[in-house]
Amino acid sequence: MSELQLTDVRKSYGGLEVIKGVDLDIKSGEFVVFVGPSGCGKSTLLRMIAGLEEITSGDLTIDDLRMNDVDPSRRGIAMVFQSYALYPHMTVRENMGFALRFAGVPKPEIEKRVTEAANILELGALLDRKPKQLSGGQRQRVAIGRAIVRHPKIFLFDEPLSNLDAELRVHMRIEIARLHKQLAATIVYVTHDQVEAMTLADKIVVLRAGVVEQIGSPLELYDDPANLFVAGFIGSPKMNFLKGVIENAHEQLHVRLPDYGEATIPVSLAGAVPGTTVTIGIRPEHFNEQGPASLDLTVDMLEHLGGETFAYARHGNGEVVVIETKNGRGLKSGDSIVARFDPACALVFDESGKRLR
Amino acid sequence: MKNPARAASAVLTYGFVGLMAFLSVFPFIWMVLGATNSSIDIIKGRLAPGETLAVNVAKFFTQVNVPLVFWNSAKIAILATLLTLAVSSLAGYGFEMFRSRRRDGLYRAMLLTLMIPFAALMIPLFIMMGKAGLINTHIAVVLPTIGSAFIVFYFRQSTKAFPSELRDAAKVDGLKEWQIFLYIYVPVMRSTYAAAFIIVFMTAWNNYLWPLIVLQSNETKTITLVISSLASAYYPDYGVVMVGTILATLPTLAVFFFMQRQFVQGMLGSVK
């Protein structure tokens, strides 16, 4: 187990800066997930940690040792790739033992470690097969096994489940969580799938355009996003955003929603200036039948998931609001509904997207 | 077939394909039949099996030092093939894997050399070989072939399909660049190597003009040169020439059939 630290880490390709000063502390045994939209720099950052991309400026330390110029194989890391990156001409056993062979580890020790990893990942029966004879899930387990045998300080996962089908992805997600618990390993994991991020992470790092937008536990990010981007990125279906204006009425601040029939919701925000435009964020599950604030909507489309229903309801202004309801089985397209919510659940963001508290 | 238009189309298609196949195979058939006939029968245009095969074979083995010329050809073809594959695959790998501002300019310049006809290079090459003291040596035949722009191009195009994550994984596993090339790239790209082997081996084995210029003594001559000299005699014995041609074809046929599956895979792309 090991600690990893990034201090003002930057990466440029020519004049184009793609990682713009990342500071991050990863504690020993932590499971940290980088999430963000395509092109946000999450994989580049992971590759910089691995040593596959040069760090333009800033410091990368592992266990207090500066690693910027250290060869990937000497950083004490192991990496699992999206495409598995198994050597196609080698058997599972050879793939798993390859790095150890090059590191000069004696044969009996290689055999011992490969057997250990194969037992952990239930790969014993597949050791003499070539990668092309394995299913996607088995290949992914071999890729993880190849990382385990090296006894690395830090595991790096680059979108490891992206090539798997939905069912296998859920299964492998549980396997990885189990493995983290079993090995008590430090893991840095890149994904664009926020369900993976929410279910696996101790700590999520949300990136956008090479900048860290917020770092926190999954529920911290979900309940208490720092800005509009994080609020919209974390959560599925995503948070609803409604345009509003802050007003002062009867010595109480309100947000008036001019696009929603002049609905108003009381808010208590330090530093809110009456007259300014804001965005109100409400999660689909925060709509209910009793809340004091309300929106008049018409059901456009329904997604019945069994336990709950997502109603995509349109307001007269054309905006669509997503509502999660447990009692949606009787609903049908075209129904008029009144969606109510508790203003305490609404998050307010200023014009720049920053959260107002 | 119920539809007459489709039937006519099929007849035309198969007729055309059959004609093309016949035109491709005919020289081979003529060569085999020619080896069984006397020179006079061949000149008369006889296209049936004759009775002089044994005589032609015996004459060929009498007139030609078969082991020596085959050894010369094999030595040149194998050496040229191995060196070409080594140099060209390294160049193709380098062109594809390493980014540099000059890379594409250099690559285009190299491709332009494909447009220079060999006739324009013959005399400068001969002068160079003369100055290096290599005239009448097999090295002089091999050297100009090993930096093949076409094979470099072929390897670079094939390397585009080589997964970059394999290279990354190998780096994390502790391999240096030359080890990645040797232990990962070469085995993964073996079909590309097989296809290139067949192309280069056939070209080297059948090479005629440059060896004709640079090899001057009988001890250094290759099978193609010997067959040519048999055919250009004052009274050429075409039956003997055909026997020589058949024997000269056998190694390239053997190489092709031995590597046929890999060749097809290599032409379609090594990495699946």
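Bear in mind these aren't lab numbers, they're just calculated from the coordinates by the rules spelled out. In this text, all values refer to a predicted model and were calculated from it rather than measured experimentally. Reconstructed Cβ throughout: ideal geometry from the backbone, glycine too, with neighbour counts over all protein chains shown.
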request  = Using only the C-alpha atoms of region B:134-272, find the volume of their convex hull and express it per residue in Å³.
outcome  = 131 Å³
ask   = Which residue, chosen from B:THR113, B:ALA54, A:GLN214, occupies the Cα position most advanced towards the positive end of the dipole of the protein assembly as shown, where the dipole is computed from +1 (Lys, Arg) and -1 (Asp, Glu) charges on Cβ about the Cα centre?
value = B:ALA54
query = Taking springs between alpha-carbon atoms closer than 10 angstrom, which of A:GLY14, A:GLY51, A:GLY104 fluctuates most in the Gaussian network model of chain A?
reply = A:GLY14
query = So what is the 222 nm mean residue ellipticity for chain B from helices alone, if each DSSP H run of at least 4 adds -39500 (n - 2.57) and you divide by all residues, rounding to the nearest 500 deg cm²/dmol?
reply = -22500 deg cm²/dmol
inquiry  = Give me, ordered by chain and number, the residues 5 or more places off A:LEU356 or on other chains with an amide H under 5 Å from its own placed amide H.
reply    = A:VAL348, A:PHE349, A:ASP350
inquiry  = Can you find, among B:ASN218, B:TRP205, B:ALA170, the residue sitting farthest towards the positive end of the charge dipole of region B:133-272, where Lys and Arg contribute +1 and Asp and Glu -1 at Cβ?
reply    = B:ALA170
Nearest 10 degrees, 0 to 90: helix A:107-120 Cα axis against chain A principal axis = 30 degrees
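Mind sorting B:SER158, A:SER217, A:SER2 by how few other Cβ atoms lie within 10 Å of their own Cβ, fewest first? Before the final figure, lay out each step's value.
Details: B:SER158 24, A:SER217 14, A:SER2 19.
Taking fewest neighbouring Cβ atoms as first place, the list is A:SER217, A:SER2, B:SER158.
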inquiry  = Treating only the Cβ of Lys, Arg, Asp and Glu as charged (+1, +1, -1, -1), what charge dipole size does region B:54-268 show about its Cα centre? Round to the nearest 20 debye.
reply    = 480 debye
task = Just check region A:52-138 against the gyration tensor rule for me: Cα atoms, a ≥ b ≥ c as the square roots of the eigenvalues, rounded for a/c under 1.5, and otherwise prolate or oblate depending on whether a/b exceeds b/c.
result = prolate
task = Using the Cα centre as the reference, give the magnitude of the dipole from point charges on the C-beta atoms of region A:4-233 (Lys, Arg: +1; Asp, Glu: -1; all else neutral), rounded to the nearest 20 debye.
result = 960 debye
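Using unit Cβ charges (K, R positive; D, E negative) and no other charged atoms, how large, in debye to the nearest 20, is the dipole of the protein assembly as shown about its Cα centre? Don't skip to the answer; put the middle values down first.
On the way: 61 positive and 57 negative charges, 610 e Å.
The dipole magnitude comes to about 2940 debye.
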task = Considering only A:LYS332, A:LYS42, A:LYS238, give the residue with the highest GNM mean-square fluctuation for chain A, with springs between Cα atoms whenever their separation is below 10 Å.
result = A:LYS332
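When the helix-only estimate is applied to chain A (DSSP H runs of n ≥ 4, each -39,500 (n - 2.57), divided by the residue count), what is the mean residue ellipticity at 222 nm, nearest 500 deg cm²/dmol?
Computed ellipticity for chain A at 222 nm equals -7000 deg cm²/dmol.
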ask   = Shape of region A:240-356 from its Cα gyration tensor (a ≥ b ≥ c, root eigenvalues): rounded if a/c is under 1.5, otherwise prolate when a/b > b/c, or oblate?
value = prolate
query = Does the protein assembly as shown classify as rounded, prolate or oblate by the C-alpha gyration tensor (a ≥ b ≥ c root eigenvalues; a/c under 1.5 gives rounded; else a/b over b/c gives prolate, otherwise oblate)?
reply = prolate
message = As I understand it, the dipole of the protein assembly as shown uses +1 on the Cβ of Lys and Arg and -1 on the Cβ of Asp and Glu, about the Cα centre. Which of A:VAL267, B:GLY34, A:MET198 lies farthest toward its positive end?
response = B:GLY34
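Provide the FRET efficiency to the nearest 0.05 for the A:VAL273-A:GLU167 pair, computing r from the beta carbons and using R0 = 35 Å. Mind dumping the intermediate values first?
Values: r = 51 Å, r/R0 = 1.46.
E between A:VAL273 and A:GLU167, to the nearest 0.05, is 0.10.
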ask   = How many percent of DSSP beta bridges within region A:4-233 run antiparallel, rounded to 5?
value = 55 percent
task = Considering only B:ILE135, B:ILE180, B:ILE199, give the residue with the highest GNM mean-square fluctuation for chain B, with springs between Cα atoms whenever their separation is below 10 Å.
result = B:ILE180
